[in-house]
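Just so it is clear, none of the values below were taken in a lab; they were calculated from the coordinates. Bear in mind that the values here come from a model prediction, so they are computed numbers and not experimental data. Backbone-built Cβ (ideal geometry, glycine too); neighbour counts: all protein chains shown.
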Amino acid sequence: MAHTSSAKIVLYARSCLFLLLFAASVVVYAAAGLLAFLLPFRQRYRLITTWGDLNVWLCARICGLDYRVEGLENLPGRPSVVMASHRSTWETLALKKFFPPLAWVVKRELLWIPFFGWGLATIEPIAINRNAGKKASEQLIEQGRARLARGRWVLVFPEGTRVLPGEHKRYKLGGALLASATGAPVVPVTHNSGDFWPRRQLVKYPGTIMISIGPAIDSRGKSPDAINAEVKRWIDAKETWIRTSNPGQAGPGQSR
């Protein structure tokens, strides 16, 4: 029992240390982003997104939470719409490592957060007003089309929010609407980050997150509903396989 209590203390102490460094990095990188605002986009993007690289590295070194990725060979040779499952904060830091310059689809309100929002604004996300109904979809298509035309990929979390591991929410149409309107390929992505970095919890469990990138889906001639259905089938099946058929990848924080 004493050994278990000591292990928990160490686990929480490491998680607290990581959180402190994470918060400090937000302030530092936000200031750097404001200073670099006049730089060309590519240089500004590289500078600001090293924030995610830094925190993924810190999480691995301090909390023992590393990752493994499969399916990089599935990436198309042209700008695409990435539709990924959303289980924790970790993937918002890490996914950009595996793709060309990304434009995140985010709630407009995130840009209003001091420091974090200011830094986020410098890398030109697609910021939409989710309360605008049909106009929100129009904003996403208009801005997404422009980003794709500039050679940037678009990252969408179709469930719209973080969802507990093993749970599923109805997919929103935004990403599928963009793909259907532009003919851009859709790249499905899933992982088990929520098993190690649980939503709304301080603790970060040691282990290895498994990220899987699926074969690109041709969106041409398909309705948004059909695109969503195809993406969801692949993500649900692959996520279930990661969490149940590969015991070495089952995180201690997973809900059962």
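Of everything in region 1-42 that's more than 23 Å from Thr122 (Cα to Cα) and among the basic types (Lys, Arg), which residue is farthest from the chain's Cα centre (by Cα)? So that I can check it myself, show each step before the final result.
Within region 1-42, the first condition is being more than 23 Å from Thr122 (Cα to Cα), and the residues that meet it are 1-20.
Checking the rest, the ones that are also among the basic types (Lys, Arg) come to 8, 14.
Values: Lys8: 28, Arg14: 23 Å.
Among residues in region 1-42 that are more than 23 Å from Thr122 (Cα to Cα) and among the basic types (Lys, Arg), the one farthest from the chain's Cα centre (by Cα) is Lys8.
Conditions tested, residue by residue: (1) crowded, with 22+ Cβ neighbours inside 10 Å; (2) of a type in the set (D, E, K, R).
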| residue | (1), (2) |
| --- | --- |
| Gln139 | no, no |
| Arg145 | no, yes |
| Arg150 | no, yes |
| Thr161 | no, no |
| Leu173 | no, no |
| Leu178 | yes, no |
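So, in region 135-174, of the ones that are of a type in the set (Asp, Glu) and within 28 Å of Arg199 (Cα to Cα), which residue ends up nearest to the chain's Cα centre (by Cα)? It would help to see each step written out before you state the result.
Within region 135-174, the subset of a type in the set (Asp, Glu) is 138, 142, 159, 167.
Now drop any that are not within 28 Å of Arg199 (Cα to Cα), which leaves 159, 167.
Values: Glu159: 12, Glu167: 17 Å.
Going through the qualifying residues, I end up with Glu159.
Given the options Trp90, Trp51, Trp57, Trp104, name the one that is free of Cβ contacts under 8 Å to residues at least 24 places away in the same chain and aromatic (Phe, Trp, Tyr). Spell out the reasoning first.
Working: Trp90 fails: free of Cβ contacts under 8 Å to residues at least 24 places away in the same chain; Trp51 fails: free of Cβ contacts under 8 Å to residues at least 24 places away in the same chain; Trp104 fails: free of Cβ contacts under 8 Å to residues at least 24 places away in the same chain.
Trp57 is the lone residue from the list that is free of Cβ contacts under 8 Å to residues at least 24 places away in the same chain and aromatic (Phe, Trp, Tyr).
Looking at Arg145, Arg170, which one is part of a loop (DSSP other than H, G, I, E, B) and over 30 Å from Arg14 (Cβ atoms)? Show your work before the answer.
Numbers: Arg145 fails: part of a loop (DSSP other than H, G, I, E, B).
None of the others qualify; the one that does is Arg170.
Please report, ordered by residue number, the strands (runs of 3 or more DSSP E) entirely within region 25-116 with at least 1 residues that are closer than 25 Å to Arg145 by Cβ. Quick ask: steps written out before the conclusion?
Working: elements: 65-70, 81-84, 102-107.
Once the strands (runs of 3 or more DSSP E) in region 25-116 are filtered for at least 1 residues that are closer than 25 Å to Arg145 by Cβ, what remains is 81-84, 102-107.
Which of the residues belonging to region 117-136 are in a helix (DSSP H, G or I) and more than 23 Å from Ala179 (Cα to Cα)? Spell out the reasoning first.
Taking region 117-136 and keeping what is in a helix (DSSP H, G or I), we get 117-121, 130-132, 134-136.
If the condition is that a residue be in a helix (DSSP H, G or I) and more than 23 Å from Ala179 (Cα to Cα), then Gly117, Trp118, Gly119, Leu120, Ala121 are the ones that fit.
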